[in-house]
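To start, the structure itself, in structure tokens.
Read-outs throughout are calculated quantities, based only on the coordinates presented, and are distinct from any laboratory measurement. Just so we're clear, the structure is a prediction, and the values are computed from it rather than from any experiment. Counting neighbours? That spans all protein chains shown, and the Cβs are built from the backbone with ideal geometry, glycine included.
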Amino acid sequence: MELQLLLVLFIGWASAMYDSKDDVVELTSANFQKQVINDDSIWIVEFYAPWCGHCKSLVPEYKKAAKALKGLVKVGAVDMTQHQAVGQPYNVQGFPTIKIFGGDKKKPTDFQGARTAQAFIDAAVNELKKTAQARLGGKSSSSGSDSGSRGGKGGNDVVELTDSNFEELVLNSKDLWLVEFFAPWCGHCKNLEPHWKTAATELKGKIKLGALDATVHSVTASKFNVRGYPSIKYFGPGEKSVEDAVDYDGGRTSGDIVQWALQKVTENLPAPEVQQATSQEVVEEACKDKQLCIVSFLPHILDCQSKCRNDYLALLKELADKYKKNIWGWVWTEAGQQPELEEAFGIGGFGYPAMIAVNSRKMKFSTLTGPFQKDGISEFLRALSYGKGKTSSVKGEKFPKVAKVDAWDGKDGVLPESDDIDLSDVDLDDDVKEKKTEL
């Protein structure tokens, strides 16, 4: 069974899903700023990958919406395999991601509706009304309250924190937290409130956002030496103490908050395990649903004993941690242990150690041609993360079979003992005499 790997990094193998005949505007790194950001029009923008099944299913409905909205709201699409930099500022992490760029282009909103033409049209009309109302100077139909309550009511994903629940919800939690300490009369706090709510929704499931009225719950606020408003503090994973609080130093827009928080989420991701390719199941489990699978071929244990091998494995673990945000799979095997893997990827010509990065969905791979050292491998992986690097086709156009082998026991290699020949019953002198007689 072939591994089901998703790839954004190898580019040029799939054509865009929209063309000039469609009402969907093709957006690129070259025109996005001018077409979307610097334009007064409202935009619905899809960030997609041509290989993505959900993206392909979306095409007909998206085209219908673009045709219906022509002249009212502009509809565009960005091929992220070709223009990855366009989506980076907006934390595009899955496909398709759809955002609406309304009156404030610096703060696009996520489209959360059904993926139908009617849902896109409804969202566009709502954005039109909101933008027109803002330009007119009117107020939103949903008025806020200055009662001091900022948390979890009416669809709000901000958790309301108090003196009585702070320790249980935040300090004793294993979750990541961003906590705002505010005062109801504080103007900066009021300005921050909608951004804080938006960020809480976007970050749901990744990091929790809370708010504590420091004028009411002064015991907790004093523990963290809160002297100004708003004060924002970050709490990392695992059980925490007051000393573990870190001052937030990012911007005050929802985009700034989300970007800062996602960086913390990435930093706290566990490093992927570097597993030995002992069977087909192990390799599939390690690389399933990953963008790429990094496969290393280490020297035979007799050529590189336990210390040498452990040094290589430590290097691979370090690099797996460094590039963990790419969510790649990592496996290794010993020279000669998986002959079909070596043949499929042409490893014999490079010697050991060797490394390849494979996209088994496309049956394409890249080979490390530089030194198998930290700098050489890091340069190779960095190029992959930007979608660069020479690719080759997997021999046979299918993922090779992985043989079932024993896992390395962590010990040095030992040459097999040869059987000793017992010569005690052989009279060599008599044998020599017989030979002389014959001569």
Can you give the angle from 0 to 90° between the axis of helix 428-438 and the longest principal axis of the chain, with both taken from C-alpha atoms, to the nearest 10? 60
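Could you work out the longest stretch of the chain that avoids the chymotrypsin sites (Phe, Trp or Tyr not before Pro) located in DSSP loops with at most 12 other Cβ atoms within 10 Å?
So the longest stretch without any such site is 186-385.
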Can you tell me what share of the DSSP beta bridges in the chain is antiparallel? A percent to the nearest 5 is fine. 50
If the elastic network links every pair of Cα atoms under 10 Å, which of ALA65, ALA407, ALA344 fluctuates the most in the Gaussian network model of the chain? ALA407
Take ASP19 and GLN280, extend 7 Å from each Cα along the Cα→Cβ direction, and tell me the distance between the two endpoints in nm. 4.0
Contour minus Cα-Cα distance for SER173 and VAL242 (0.36 nm per residue): 23.5 nm
Filter on LYS21/LYS288; LYS106/LYS223; LYS56/LYS325 - keep pairs with C-alpha separation over 29 Å: LYS21/LYS288; LYS106/LYS223
Work out the length of the dipole vector of the chain about its Cα centre, built from +1 on the beta-carbon of each Lys and Arg and -1 on the beta-carbon of each Asp and Glu, and round it to the nearest 20 debye. 3700
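Based on Cβ point charges of +1 for Lys and Arg and -1 for Asp and Glu, what charge dipole magnitude is obtained for region 33-137 about its Cα centre, in debye rounded to the nearest 20?
200
Count the DSSP beta bridges whose two residues both fall in region 25-136, then state the antiparallel fraction as a percent rounded to the nearest 5.
Bridges in region 25-136 that DSSP calls antiparallel: roughly 45 percent.
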Listed candidates (i) 30, 29, 21; (ii) 39, 25, 18; (iii) 58, 31, 15 - label of the one calculated as semi-axes √(5λ) of the Cα gyration tensor in Å: (iii)
Least to most buried among ILE377, ILE327 (fewest other Cβ within 10 Å first): ILE327, ILE377
Counting other C-beta atoms within 10 Å, which of THR333, THR109 has the fewest, and how do the rest follow? THR109, THR333
So if I place +1 on the C-beta of Lys and Arg and -1 on the C-beta of Asp and Glu, and nothing else carries charge, what would the dipole magnitude of region 293-377 be about its Cα centre? I want it in debye, nearest 20. 460
